[in-house]
1. Identify, by number, the condition in (1) out of contact with any Lys or Arg (no Cβ under 8 Å at 6 or more places or on another chain); (2) assigned to a helix (DSSP H, G or I); (3) modelled with pLDDT under 85; (4) closer than 28 Å to Ser221 by Cα that Ile104 doesn't meet.
2. Provide a single number: the residues in the range 35-53 that are over 21 Å from Cys24 (Cβ atoms) and buried (at least 24 other Cβ atoms within 10 Å of the Cβ).
3. Looking at Ile260, Ile234, which is the one that is exposed (fewer than 15 other Cβ atoms within 10 Å of the Cβ) and either under 18 Å from the mean Cα position of the chain (by Cα) or at negative phi (or both)?
4. Looking at Leu200, Leu210, Leu231, can you tell me which residue is farther than 14 Å from Gly17 by Cβ and out of contact with any Cys (no Cβ under 7 Å at 6 or more places or on another chain)?
5. Restricting to the range 141-156, name every residue that is in contact with a helix residue (DSSP H, G or I) (Cβ under 7 Å, 6 or more places away or on another chain) and part of a helix (DSSP H, G or I).
6. So, of the residues in the range 1-34 that are among the small types (Gly, Ala, Ser) and more than 12 Å from the chain's Cα centre (by Cα), which turns out to be surrounded by the fewest Cβ atoms within 10 Å (Cβ to Cβ)?
7. Quick one: what pairs do we get from the range 253-266, first residue in a helix (DSSP H, G or I), second at pLDDT 90 or above and β-branched (Val, Ile, Thr), C-beta under 9 Å, 6+ apart or different chains?
Amino acid sequence: MLEIFQYGFMQRALVAGIMIAIICSAIGTFIVLKRLSMIGDGLAHISLGGIALGLFLNVYPVVSALVFSVLSALGINSLRKARVYGDLAIAIFFSAGLAVAVVILSISNGLNVDLFSYLFGSILTVNETDLIIILVLSVFTLGAVYIFYKELFYITFDEVSARASGIPVEKLNTLLIVLTSITVVVSLKIVGVLLVSSLLVVPVAASLQLSRNFRETILSSMVFAIFSVVLGLIASAYLNLAAGGAIVMISVIVFLVVMIYKNLTG
């Protein structure tokens, strides 16, 4: 069964998938516990405008999507500071990102196929450039989480006490939303715009059923996510399935199995 990983494209897909599984679990744990689960979906759709713009201008789409997504994340955070509700701020930029994508599609030719690969993911076409960018951004994201782990942990559970303790809550919230946007963009090649939020949320949801503390939640969600990536790649190869969809479906099945087990033994 593991013979498929002797091929270069499958090896690149595996490495990229594992890195995405790790950072999605790390960032996903924070945003799920802060009740911001849908921000991943919002940022994914926002970044679609950046992808379309990059393809139109003949710029590497991940780079343009990253710039577009990070600027939008900062804009969302600015609107939140201006007392615009978080979900409303996301909806405004969500609409703007989709509008940019639709306008660019309407004035361009031959863009649809390339854009659709980012809509649904194309992990099996990950090349060396994609892999390098994914690795660099993943290391940056994990490094930031490691450095600010205690502070991010604090603001996740009690922003009021954190603020009273002198922790720069607003700056850390900005950092978290920027890291989320980076995670979303580097995940687009793996599972696509339509499914990226699932990889941020579902493994964490499964982990929360079993874990006893925060650190254990992060680690077990990484295990669930990596398992989903590996099994999803194998299923896509042998059953001729879309890899991104297979990965997410496996993660949902894992969540259901874990939840049933928890209910039966709890």
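The values are calculated or read from the model by the stated rules, or taken from the named source; none is laboratory data. Just so you know, these numbers come straight off a predicted model, no measurement behind them. Positions of Cβ are generated from backbone atoms using ideal geometry, with glycine treated the same way; all protein chains shown enter the neighbour counts.
1. Checking Ile104 against (1) out of contact with any Lys or Arg (no Cβ under 8 Å at 6 or more places or on another chain); (2) assigned to a helix (DSSP H, G or I); (3) modelled with pLDDT under 85; (4) closer than 28 Å to Ser221 by Cα, the one that fails is (4).
2. Number of matching residues: 2.
3. Ile260
4. Selected residue: Leu210, the only one of Leu200, Leu210, Leu231 that is farther than 14 Å from Gly17 by Cβ and out of contact with any Cys (no Cβ under 7 Å at 6 or more places or on another chain).
5. Selection gives Thr141, Leu142, Ala144, Val145, Glu151, Leu152, Phe153, Tyr154, Ile155, Thr156.
6. So the residue we want is Gly8.
7. Val254/Val202; Phe255/Val202
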